[in-house]
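Right, one structure below, let's go through it.
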Amino acid sequence: MVVTIIIYTMLAIGIFFNLLGSIGLLRFPDVYTRLHAGTKCTTFGSMFLTGAVIVYGLKEWYLHPVAGSSIMPLHVFIALIAILVTNPTGAHAIARAAHKSGVLPVNAVVDDLKEDTTKEKTKKAKEAKK
Amino acid sequence: MVMKAFAVTSVVSFVTYLLLTTGSGDLWMWSASEIIFGIILALIVGFIARKIFIKNSYRMLNPIRWFRGLVYLIGPFFIAMAKANLDVAYRVITGKIRPGIVKISPGLKTDLGITMLANSITLTPGTLSVDINNETNDLYIHWINVKDEALKKKPRDPSYVCNGFPKWIRRIAE
């Protein structure tokens, strides 16, 4: 009974954060801020969703300890680690590609990366002239 | 030296294979065919990937580092991540943003350390790593709510963006 309540709570939290991520995707103005919503919220939400599955799998493993009942929690745990590693990496790749192809943040207060890349470009242009 | 890299890579891939195939038989938890096939695959993977997986240092074999990594994941990292999500939730609902890209020098040297820091930064409050300078290991970070204090000095203070993470990661990965 307590385990069921824990599972449902975790599912609710996970769905809530995934929903927030989707709303953020619609509301934010540019690609970078959308990535904020898309990575943080989905990772955190998926952590709780996978956590619910792990708890359920452990309960099944404890109640019916036959061969094969250990598969679900372990596999989901590995999937969780994969999400934790790949989600921020993918976001970083998208952000980097966007900035390199000239998409600048909307309403940016400061942009050190643009300053540095323009500096390097002017340097290279000067060297090429010499 | 080459043999050691080969052995470590093979053992790690074999353990991963065993984790993925638990419950396949009654040899404790695995069937004999899975174990044999796992050994063959682990040897092949170890031969191919030994130079990529291990770069002239075996410091990650130290279990204390793994323990610290676990403590870091459960403690400060998880708390920061929960804060990050409440922060993004607040910004999703109110729409108050003040974005900008800042450059910080965390002072980490190894590839693994900088990767961990970049991923941690992406998952924690209001920050997203955009680019990296390969020579100096400086990170360029998109910050959703830039603070005025952080903009005053030109080499930005990393503690505004990643509260204490570089210290933890130095103890884990360097």
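The values are calculated or read from the model by the stated rules, or taken from the named source; none is laboratory data. Here the structure is a predicted model, which is why all the values come from computation and not from measurement. With ideal geometry, Cβ positions are generated from the backbone for all residues, glycine too; neighbour counts draw on all protein chains shown. All accessible areas refer to the heavy atoms of the entire protein, side chains included, with ligands and DNA or RNA removed. Shrake-Rupley method; radii C 1.70, N 1.55, O 1.52, S 1.80 Å.
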What are the residues whose amide H is under 5 Å from the amide H of residue A:111, where those residues sit 5 or more places off or on another chain and H is modelled from the backbone?
B:101
Cα lying deepest toward the dipole's positive end in region A:2-129, options A:62, A:32, A:77, charges on Cβ:
A:32
Residue by residue through region B:77-93, what is 3J(HN,Hα) from phi via Karplus (6.51 cos²θ - 1.76 cosθ + 1.60, θ = phi - 60°)? Round to whole Hz and write x for glycine and proline.
5, 5, 4, 4, 5, 4, 4, 4, 6, 5, 4, 5, 4, 4, 6, 4, 6
Would you kindly find the accessible area of residue B:52, with a 1.4 Å probe and non-protein molecules such as ligands, DNA and RNA excluded, rounding to the nearest 10 Å²?
130 Å²
According to the square roots a ≥ b ≥ c of the eigenvalues of the Cα gyration tensor, what is the shape class of the protein assembly as shown, taking rounded for a/c under 1.5, prolate for a/b larger than b/c otherwise, and oblate for the remainder?
oblate
Taking a ≥ b ≥ c as the square roots of the eigenvalues of the Cα gyration tensor, with a/c under 1.5 meaning rounded and otherwise prolate when a/b exceeds b/c and oblate if not, region B:1-107 is prolate
If you take the square roots of the eigenvalues of the alpha-carbon gyration tensor of region A:27-66 and sort them as a ≥ b ≥ c, do you get rounded (a/c under 1.5), prolate (a/b over b/c) or oblate?
prolate
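Interface A/B, total buried accessible area with a 1.4 Å probe, nearest 100 Å²?
Summing both chains' loss of accessible area gives about 3800 Å².
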With every protein chain kept in place and ligands, DNA and RNA left out, what is the accessible area per residue of the protein assembly as shown? Probe 1.4 Å, answer in Å².
57 Å²
Carbon + sulfur, % of accessible area of region A:1-97 - ligands and nucleic acids excluded, 1.4 Å
79 percent
If you fit an axis through the alpha-carbon atoms of helix A:42-63 and take the longest principal axis of the Cα set of chain A, what angle between them do you get, 0 to 90°, nearest 10?
20 degrees
For region B:6-35, which residues drop by 20 square angstrom or more in accessible area between the chain on its own and all protein chains together (1.4 Å probe)?
B:19, B:20, B:22, B:23, B:29
Long-range Cα-Cα pairs in region B:61-173 (distance over 25 Å), rounded percent
23 percent
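Helix-only mean residue ellipticity at 222 nm, chain B, DSSP H runs n ≥ 4 weighted -39,500 (n - 2.57), per residue, nearest 500. What is it?
Working: 8 runs with 99 residues, N = 174.
The helix-only estimate for chain B comes to -18000 deg cm²/dmol at 222 nm.
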Which of these, B:113, B:25, B:164, has the largest mean-square fluctuation under a Gaussian network model of chain B (Cα springs below 10 Å)?
B:25
Rounded to the nearest 500, the 222 nm mean residue ellipticity computed for chain A from DSSP H runs (n ≥ 4, each -39500 (n - 2.57)) alone is -27000 deg cm²/dmol
If the cut-off is 30 Å between C-alpha atoms, which lysines fall inside it for residue A:123, apart from same-chain ones fewer than 8 positions away?
A:100, A:114, B:103, B:109, B:152, B:153, B:154
5 Å is the cut-off here: which amide hydrogens, built 1.01 Å from N in the peptide plane, fall below it relative to residue B:25, excluding neighbours closer than 5 in sequence?
B:30, B:31
Given Cα pairs under 8 Å that are at least 6 residues apart, what percent is the relative contact order of region B:2-56?
50 percent
Given a 1.4 Å probe, show me the residues in region B:80-113 buried by at least 40 Å² of accessible surface when comparing the whole protein assembly to the chain alone.
B:81, B:85, B:88, B:92, B:97, B:99, B:101
Kindly state, to the nearest 0.05, the FRET efficiency for residue A:3 paired with residue B:20, given R0 = 22 Å and r defined as their beta-carbon distance.
0.30
Expressed as a whole-number percentage, the relative contact order of chain B with C-alpha contacts under 8 angstrom and at least six residues apart is 21 percent
Are there any trypsin sites (Lys or Arg not before Pro) in region B:7-79 that are in a DSSP loop and have at most 11 other Cβ atoms within 10 Å? List them by number.
B:55
Amide H of residue B:130 versus every other amide H placed in the peptide plane: which residues, excluding those fewer than 5 positions away on the same chain, fall under 5 Å?
B:140, B:141, B:142
For residue A:129, list the lysines whose Cα falls under 20 Å from its own Cα; do not include residues on the same chain fewer than 8 positions away.
A:119, A:121
